[in-house]
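As structure tokens, the structure follows; a few thoughts come after it.
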Amino acid sequence: MSLRWGILGTARINRRVIPAMRLAQRSELAAVASRDRARAEAFAREWSVPRAIAGYQALLEDSSIDAVYIPLPNTDHVPWTRAAIAAGKHVLCEKPIALDPEDVDRLAVAANAAHVVVEEGFMYRHEPLTRRVMALINGGAIGSVRAVVSGFTFALETAHNIRLDPALGGGALWDVGGYPITYTQLIMGHEPKMVFGSARWHASGLDEEFMGMLRFDEGATANIFAGFRTPYRTWLEVLGSDGGLTAPNPFRPGPLETLALERNGAIEHIEVAGSPEIFVREIEDFEAAVLDGAAPVVSLAESRRTAATLKALYESAGVEVRGSH
């Protein structure tokens with residue numbers, strides 16, 4: 001059995017996902033759609049996609065497509081995920097799958113009724129580095145977790161970018177803040193009890209830098225940072241009662257990464273081999289969810305917690321968040 005994929009849109013991230021689909025053993029990229037036929041045809045030629053389709057709905061109505069990948073702007077995620085579910089397609093949607101937890105609830109109800117898999121795309125969750133970090137923490141390598149410090153930054157290439165467009169659900173927290181938030185909640189096992197958010201605002205009215213402080217059960221805390229004003233950097237440090245663990249490149253790990261485990265004043269370096277081609281594990285795990293009935297690595301229950309925490313942080317910073325309903 002194989003999974004026949006269609007892609008909604010010609011986003012830049014496709015250039016990372018398409019090679020992964022072709023390396024995965026049970027996937028076949030069948031079609032790409034764009035609102036503009038010429039754009040779809042040009043993209044299909046460049047990437048050797050068998051079919052170019054004019055219009056997203058036309059792709060969803062194609063009975064030869066089993067699953068769709070959605071890399072559209074943030075505000076398009078919920079409506080097109082709902083449309084895909086209604087058409088009986090499985091959905092891998094780029095983060096954030098929704099900007100409001102109530103929208104995730106609606107997607108979950110619809111997906112359950114249609115018997116399709118819907119998963120939010122956080123690629124790092126499928127990587128060996130993440131599994132090793134969690135195995136060390138859950139195995140008591142640093143004792144009980146007391147604090148997490150994590151962030152994701154990169155400098156925008158131009159001032160005119162959809163990531164700073166209010167109509168498209170832009171902003172640093174929604175764009176890259178989901179990474180430290182999801183990793184922190186994975187480590188803690190639940191969403192925070194309290195949050196505090198503060199932002200540096202762009203002229204568009206959106207956050208170009210965002211700092212969040214979170215408090216969890218038994219006083220554990222987390223500091224997260226997301227930004228568009230500094231060069232690319234990702235970081236994760238977990239502090240426990242018996243030591244600390246530092247992970248380089250936690251969100252986009254390379255073929256070989258080295259964790260630093262500090263205990264009793266000594267540092268142990270732990271090498272972790274990863275996938276040569278990033279995104280392959282995400283596609284393979286999605287194949288398993290659809291074809292084998294395995295549980296999705298990122299459940300919609302987790303996606304709801306992510307949306308709830310992001311919304312709470314924005315509201316703490318003085319931003320009203322409305323779902324798409």
Pick from the range 214-229 the residues that are assigned to a strand (DSSP E or B) and touching a residue at least 24 places away in the same chain (Cβ under 8 Å): which of them is nearest to the chain's Cα centre (by Cα)?
-> ALA226
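Could we say that ARG305 is under 18 Å from LEU23 (Cβ atoms), modelled with pLDDT of 95 or more and not in a strand (DSSP E or B) here?
So ARG305 does not fit the description; no.
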Among ARG252, ARG263, ARG281, which is open to solvent by 30 Å² or more (accessible area, probe 1.4 Å) and closer than 30 Å to ALA167 by Cβ?
-> ARG252
Selection status of ILE7, farther than 19 Å from GLU61 by Cα and within 19 Å of the chain's Cα centre (by Cα) = no
Cross-chain or 6+ apart pairs with Cβ under 8 Å, the range 141-162 first and within 30 Å of ASN264 (Cβ to Cβ), then hydroxyl-bearing (Ser, Thr, Tyr) and surrounded by fewer than 14 Cβ atoms within 10 Å (Cβ to Cβ) | ILE142/SER241; GLY143/SER241; SER144/SER241; ARG146/SER241
Of all residues in the range 26-51 being touching a Phe, Trp or Tyr at 6+ places or on another chain (Cβ under 9 Å) and closer than 20 Å to LEU3 by Cβ, the one that is surrounded by the fewest Cβ atoms within 10 Å (Cβ to Cβ) = GLU28
Unique match (being over 23 Å from PRO296 (Cα atoms) and either of a type in the set (S, T, N, Q) or surrounded by fewer than 17 Cβ atoms within 10 Å (Cβ to Cβ) (or both)) among ARG12, ARG16, ARG22 = ARG12
Can you confirm whether the range 299-308 contains a residue that is crowded, with 17+ Cβ neighbours inside 10 Å, of a type in the set (A, V, I, L, M) and in contact with a His (Cβ under 8 Å, 6 or more places away or on another chain)?
-> no
Pair list, Cβ < 6 Å and 6+ apart or interchain, from the range 103-122 residues that are aromatic (Phe, Trp, Tyr) to residues that are open to solvent by 10 Å² or more (accessible area, probe 1.4 Å) | PHE122/LYS95
Restricting attention to the range 135-142, does a residue exist that is open to solvent by less than 20 Å² (accessible area, probe 1.4 Å) and outside any helix (DSSP H, G or I)?
-> yes
Going by the structure shown, is ALA54 more than 27 Å from ALA288 (Cα to Cα), out of contact with any helix residue (DSSP H, G or I) (no Cβ under 8 Å at 6 or more places or on another chain) and open to solvent by less than 80 Å² (accessible area, probe 1.4 Å)?
-> no
Which one is surrounded by the most Cβ atoms within 10 Å (Cβ to Cβ) among residues in the range 86-105 that are of a type in the set (A, V, I, L, M, F, W, C) and in contact with a Lys or Arg (Cβ under 9 Å, 6 or more places away or on another chain)?
-> ALA98
The range 11-25, subset assigned to a helix (DSSP H, G or I) and without any contact (Cβ under 8 Å) to a residue 60 or more places away in the chain, residue nearest to the chain's Cα centre (by Cα) = ASN14
When restricted to GLU28, GLU102, GLU41, GLU46, the only residue in a helix (DSSP H, G or I) and over 26 Å from LEU168 (Cα atoms) is GLU46
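The values are calculated or read from the model by the stated rules, or taken from the named source; none is laboratory data. This structure is a prediction, so every number in the text was calculated from the model and none was measured. Methodologically, a virtual Cβ is constructed for each residue, glycine included, from the backbone with ideal geometry; neighbour enumeration extends over all protein chains shown. Surface accessibility is based on the protein's heavy atoms, side chains included, excluding ligands, DNA and RNA. Shrake-Rupley method; radii C 1.70, N 1.55, O 1.52, S 1.80 Å.
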